[in-house]
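This report refers to the structure that appears directly beneath it.
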Amino acid sequence: MTRRNVSHPSIWERSDVEWDTSGTFSRVLEAGPYHALEVKEAMIEVDTSSVWETGPSTAEVHLSYWLPSNTLDGEQVPVIAVISPYFSYGSPGDESTPTNIVGGGRGEFIFENFVPHGYAFAQVAVFGTEESSGCFDYRGAGEGLGFTPQ
């Protein structure tokens, strides 16, 4: 990550600023002091016995996450998660990225702006998508169960 030393004009002078529009998303005003550690992955088992009459009684949710370097000292940090059915989605050759690769758009925006400021970032595949098991339950009871604390 490139850190830029930039001074910012007062709020009254900002309308005269020529904005840097070379990137694909906006940036926070100051770079954070941390960097992302290597991606980690987890499978979390969820009790789904009360959700699907004929479906499995348990299912696993797959997620990948990046911790900021301040966690090496044991610091606990908040997590921002992108939860989606669209990881590793599509036909071969046109497939979207898996959870262990930072997704374009909002994924890159969160990763580049918030991890350096001490936030963890996670990408979570809903039931029945990517490496998560169970049944994809669009707008059903199971959709929220996969990422609700139990």
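Among what's in segment 77-97 and is part of a loop (DSSP other than H, G, I, E, B) and at pLDDT 95 or above, pick the residue that is surrounded by the most Cβ atoms within 10 Å (Cβ to Cβ).
Filtering first and then ranking leaves Val77.
Which one of these is polar (S, T, N, Q) and outside any loop (DSSP other than H, G, I, E, B): Ser64, Ser22?
When all the criteria are applied, what remains is Ser64.
Just a yes or no: is a residue in segment 15-35 in contact (Cβ under 8 Å) with a residue 12 or more places away in the chain, over 12 Å from the mean Cα position of the chain (by Cα), surrounded by 14 or more Cβ atoms within 10 Å (Cβ to Cβ) and closer than 29 Å to Tyr138 by Cα?
no
Would you please name the residue that is surrounded by the fewest Cβ atoms within 10 Å (Cβ to Cβ), looking only at residues in segment 59-76 that are among the polar types (S, T, N, Q) and touching a residue at least 24 places away in the same chain (Cβ under 8 Å)?
Once the filter is applied, the top-ranked residue is Thr71.
Looking only at segment 1-21, count every residue that is closer than 26 Å to Ala36 by Cα and either modelled with pLDDT of 80 or more or among the hydrophobic types (A, V, I, L, M, F, W, C) (or both) and tell me the total.
2
Applying the selection to segment 102-120, what residues are under 14 Å from Ser64 (Cα atoms) and in contact with an Asp or Glu (Cβ under 9 Å, 6 or more places away or on another chain)?
Within segment 102-120, Val102 is the sole residue that qualifies.
Kindly list, by first and then second residue, each pair from a residue in segment 83-109 that is touching a residue at least 60 places away in the same chain (Cβ under 8 Å) and of a type in the set (S, T, N, Q) to a residue that is surrounded by 14 or more Cβ atoms within 10 Å (Cβ to Cβ) and in a loop (DSSP other than H, G, I, E, B), limited to pairs with Cβ atoms under 8 Å and residues at least 6 apart or on different chains.
Asn100/Val39
Quick check on this structure: which one of Glu108, Glu41 is within 28 Å of Arg27 (Cα to Cα), touching a strand residue (DSSP E or B) at 6+ places or on another chain (Cβ under 7 Å) and among the acidic types (Asp, Glu)?
Selected residue: Glu41, the only one of Glu108, Glu41 that is within 28 Å of Arg27 (Cα to Cα), touching a strand residue (DSSP E or B) at 6+ places or on another chain (Cβ under 7 Å) and among the acidic types (Asp, Glu).
The values are calculated or read from the model by the stated rules, or taken from the named source; none is laboratory data. No experiment lies behind these values; they were computed from the predicted model shown. Counting neighbours? That spans all protein chains shown, and the Cβs are built from the backbone with ideal geometry, glycine included.
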